[in-house]
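Written below as structure tokens is the structure these notes are about.
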Amino acid sequence: MAVSAALILGASLSHAVCSRAIVVPAAPTGFNVKVTDEGVSGVYPDWLREVSRKAGCQLQFPVVPRARADSMTFVSHQADILIPASQNQERDQKAQFVHLVNLTPTLITLSTAPLPPKDLRSLVERSKLRGALVRSYSWGDEYDALVQKLNDDNRVDFVNDLGTVGRMLRAGRVDFTILPPTLLHSALQTTADVAQSGEFRFSPVIGLPKSRVGAYLSRQTLSQTDMDLLSNAMVKSARDGSLRAVFEKYYPMEVVAADIVNN
């Protein structure tokens, strides 16, 4: 009887499905999340659809600005999954993080600009340098502390999307931004004014480590069973190379190699 019970339990788990449709807010994020008249696509929606298909789950992708997606996940509890999202301590207190890849936030300037600072301390000390950053983006605790310092010194403009960052850099309204190369690359490829080769300089910043990026699963809206099912399916798919394969569908191989490190 014990053997039979174990077999029945195993069969039940192998056919587990989500208890309801999973809400994943879609905020335009370059090639990572694309929103067009045809619908929502991009690296993470494409990959998540395949993960959910194998897990037996259905997804809903309401289209919202990035700040709204964060609020739906962490404040109003109207969403189940925030993806992509970088890990930080504040978010960890509110939702379960599933680590998928490591991205490399870099200091991005125009190639014609003077050489940028090489470390966080120098960037803070160069008081005439002004940055443009996407509102609600986070690339880890070190990044968050830098943003707070720049904001306290009135040296940062917060914007709603990546395209605005590129336009502000080109217009000379700001001197720098901090982003993983894949994000700015994709944002500028999807605008009318495509980036020219060598237009931007990508500089590593000492003291700014790679950012742990993945998905946050809401503890307030998801049952433990659904959370376990989704997180296990995500980790398995990320480790078998499926996620990287989708990145290589949207980005040049050299951009993927320079920016993305598999978990």
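The values are calculated or read from the model by the stated rules, or taken from the named source; none is laboratory data. Note that the structure is predicted; figures quoted are calculated from it, not measured. Neighbour counts run over all protein chains shown; Cβ positions are idealised from the backbone, glycine included. What goes into the accessible areas is simple: the full protein's heavy atoms, side chains included, and nothing from ligands, DNA or RNA. Shrake-Rupley method; radii C 1.70, N 1.55, O 1.52, S 1.80 Å.
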### Task
Tell me which residues, restricted to segment 34-72, are surrounded by 15 or more Cβ atoms within 10 Å (Cβ to Cβ) and assigned to a loop (DSSP other than H, G, I, E, B).
G42, C57, F61, P62, V64, P65
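Looking only at residues in segment 79-91 that are of a type in the set (S, T, N, Q) and outside any loop (DSSP other than H, G, I, E, B), which one is farthest from L183 (Cα to Cα)?
Q89
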### Query
Looking at S76, S127, S138, which is the one that is closer than 20 Å to N32 by Cα and part of a loop (DSSP other than H, G, I, E, B)?
S138
#### Entry: segment 92-124, residues that are charged (D, E, K, R) and either assigned to a strand (DSSP E or B) or within 20 Å of V213 (Cβ to Cβ) (or both)
D92, K94, D119
### Failed item, numbered, when R68 is tested on (1) farther than 17 Å from M227 by Cβ; (2) touching a Cys at 6+ places or on another chain (Cβ under 7 Å)
(2)
### Query
Are there any pairs with C-beta distances below 7 angstrom linking a residue in segment 225-238 that is closer than 13 Å to A95 by Cα and among the hydrophobic types (A, V, I, L, M, F, W, C) to a residue that is open to solvent by 10 Å² or more (accessible area, probe 1.4 Å) and outside any helix (DSSP H, G or I), with the two at least 6 apart or on different chains, and if so which?
M227/Q96
### Task
Kindly indicate which of V213, V246 is crowded, with 16+ Cβ neighbours inside 10 Å, β-branched (V, I, T) and more than 29 Å from K118 (Cβ to Cβ).
V246
